[in-house]
Structure formats: C-alpha cells, structure tokens
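Peer 1: Provided herewith is a single structure, encoded as structure tokens, for subsequent inquiry.
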Amino acid sequence: MRFTAGVLFAICSVAALGQQPSIQPADALNKLAFMQGNWIGKQNFNTDGGPATVGDATDRIELGIAGKYLCEMLSTTLPGRKPTDTRHFISYDKQTGKYTAWWFNDTSYHPTQFSGDLTGNKLVLMSDASALGPVLRATYENPTPDKLTFQVEMKNGDKWTSLFLTTYTKDAAPAH
C-alpha cells in the first residue's frame, strides 16, 4: 500500500510540474529593449478643441522581477497639480504569443489588463473589451534611438479617439 501511494505521489508530482507555466522567453522582452531607459518629455492631452493641456512627463523603463517583466514608472505633472503615479508591467505570454501588460495608477484600485503585438519598434496593446470601462489602445513607438512616443486612445464606436500623446527624449542624466 505504501509503495502504491508513493508511486501515485510521484506521478502526481511529475504531472504537476508539467502543468507549471513555462518561463517567459527572454528573447521577447529583449525585443522591447528600445523602450528601456530614462525618458523625459511632454504629454499633450486631447481637449476636443478646448484650451491646450500639456504636462511634463517622465518615464523610467527597466527589466525587473528576475527579468520576466518590463517595469515602467510613469509620471505626468500638469500646472497646479501634483505629479501622477503610474506603474506598468509588461511581459510576454508564450502560450498566446502576445505581449501582456497590467497598468496600475493612482486613480484606480484595480489594474487594467492589456495584450498585443510588436511590429518592429512599435508595440500596440489593447485593453480587454469584456472588462469594465472603455476599450483602450496603447501604442509605444521608437522612431529614433533617442525618441519614444506613447499614445493612448479610446474606442468610440468603430473609431479611435486619442486621449493623449506623450513624446519623450532619452534623458542622459542618471536615474535618481
């Protein structure tokens, strides 16, 4: 009986190991190396014809959590307001072949989840259409080695409305 129980335990242990999620391929995150660094720039908000609203923006992007995530720390400061506090974690799901992201910010108690694809130096992520709230599309693009753009759009029917566009340049100063 003990032998049978031991064999059954060993088989279950091996089966459980086989069901562990596979380690995310480092190659997928290495393709996002163009995003890494310390960035400074301006965030231009879409005000639908109202007065221009532009904030000073910073973004620090680095590999973290044992190299399994691209960790992004963003902040925008608008005149007369305190800086925003936002964190994005981007990974790669080997099973779906998609980049995945979780966004945490200072205006919500729950993260927003995204998934998407990389084409060249352009990462496009979409929020889950079945989740509460609007459907969002986030686009990171690196037109030159020292420039990064970050745009967030909201789906409005079958059209996309830009919420803001941030244009960054690489900051030569070391991170604080």
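Peer 1: What is the residue count in region 75-92 for residues that are out of contact with any helix residue (DSSP H, G or I) (no Cβ under 9 Å at 6 or more places or on another chain) and surrounded by 14 or more Cβ atoms within 10 Å (Cβ to Cβ)? Break it down stepwise before answering.
Peer 2: Residues of region 75-92 out of contact with any helix residue (DSSP H, G or I) (no Cβ under 9 Å at 6 or more places or on another chain): 75-89.
Still in the running and surrounded by 14 or more Cβ atoms within 10 Å (Cβ to Cβ): 75-78, 83-84, 86-89.
Total satisfying the criteria: 10.
Peer 1: In region 1-51, what count of residues is obtained for those that are small (Gly, Ala, Ser), assigned to a helix (DSSP H, G or I) and at pLDDT 50 or above?
Peer 2: Taking region 1-51 first, the residues small (Gly, Ala, Ser) are 5-6, 10, 13, 15-16, 18, 22, 26, 28, 33, 37, 41, 49-50.
Retained after the next criterion (residues that are assigned to a helix (DSSP H, G or I)): 5-6, 10, 13, 15-16, 18, 26, 28, 33.
From what's left, at pLDDT 50 or above: 26, 28, 33.
Here the count works out to 3.
Peer 1: Related question: Mind checking which residues of region 31-59 are of a type in the set (S, T, N, Q) and surrounded by 13 or more Cβ atoms within 10 Å (Cβ to Cβ)?
Peer 2: First, pick out the residues of region 31-59 that are of a type in the set (S, T, N, Q): 36, 38, 43-44, 46-47, 53, 58.
Answer for region 31-59, where residues must be of a type in the set (S, T, N, Q) and surrounded by 13 or more Cβ atoms within 10 Å (Cβ to Cβ): 36, 38, 43, 44, 46, 53, 58.
Peer 1: Can I ask one more? Just give me the residues in region 120-176 being of a type in the set (D, E, K, R), at pLDDT below 95 and open to solvent by less than 70 Å² (accessible area, probe 1.4 Å), in sequence order.
Peer 2: Listed by number, the list holds a single entry, 171.
Peer 1: How about region 143-168: which of its residues are in contact (Cβ under 8 Å) with a residue 40 or more places away in the chain and part of a strand (DSSP E or B)? Working first, answer last.
Peer 2: As a first pass, look at region 143-168 and keep what is in contact (Cβ under 8 Å) with a residue 40 or more places away in the chain: 145, 148, 150, 161-168.
Residues satisfying the conditions are 148, 150, 161, 162, 163, 164, 165, 166, 167, 168.
Peer 1: Which residue out of 72, 62 is of a type in the set (D, E, K, R), crowded, with 16+ Cβ neighbours inside 10 Å, closer than 17 Å to residue 171 by Cα and at pLDDT 95 or above? Break it down into steps so the answer makes sense when it comes.
Peer 2: On the way: 62 fails: crowded, with 16+ Cβ neighbours inside 10 Å.
One residue alone meets the criteria, 72.
Peer 1: Among the residues of region 142-163, is there at least one that is among the hydrophobic types (A, V, I, L, M, F, W, C), farther than 18 Å from residue 32 by Cα and in contact with a Lys or Arg (Cβ under 7 Å, 6 or more places away or on another chain)?
Peer 2: Checked against the condition, which is being among the hydrophobic types (A, V, I, L, M, F, W, C), farther than 18 Å from residue 32 by Cα and in contact with a Lys or Arg (Cβ under 7 Å, 6 or more places away or on another chain), region 142-163 yields at least one hit.
Peer 1: OK, next. Do you know which residues across region 96-142 are touching a residue at least 40 places away in the same chain (Cβ under 8 Å) and of a type outside the set (A, V, I, L, M)? Lay out the reasoning, then the answer.
Peer 2: Of region 96-142, the ones touching a residue at least 40 places away in the same chain (Cβ under 8 Å) are 99, 118, 121, 123, 140, 142.
Matches in region 96-142: 99, 121, 140, 142.
Peer 1: List pairs: first in region 41-53 and of a type in the set (Phe, Trp, Tyr), second open to solvent by less than 90 Å² (accessible area, probe 1.4 Å), Cβ under 6 Å, 6+ apart or cross-chain?
Peer 2: 45/53; 45/164
The values are calculated or read from the model by the stated rules, or taken from the named source; none is laboratory data. A quick note: this is a predicted structure, and the numbers were derived from the prediction, not measured. So basically every Cβ, Gly included, is an ideal-geometry build from the backbone, and we count neighbours across all protein chains shown. Calculation scope for accessible area: heavy atoms of the full protein, side chains included, ligands and nucleic acids excluded. Shrake-Rupley method; radii C 1.70, N 1.55, O 1.52, S 1.80 Å.
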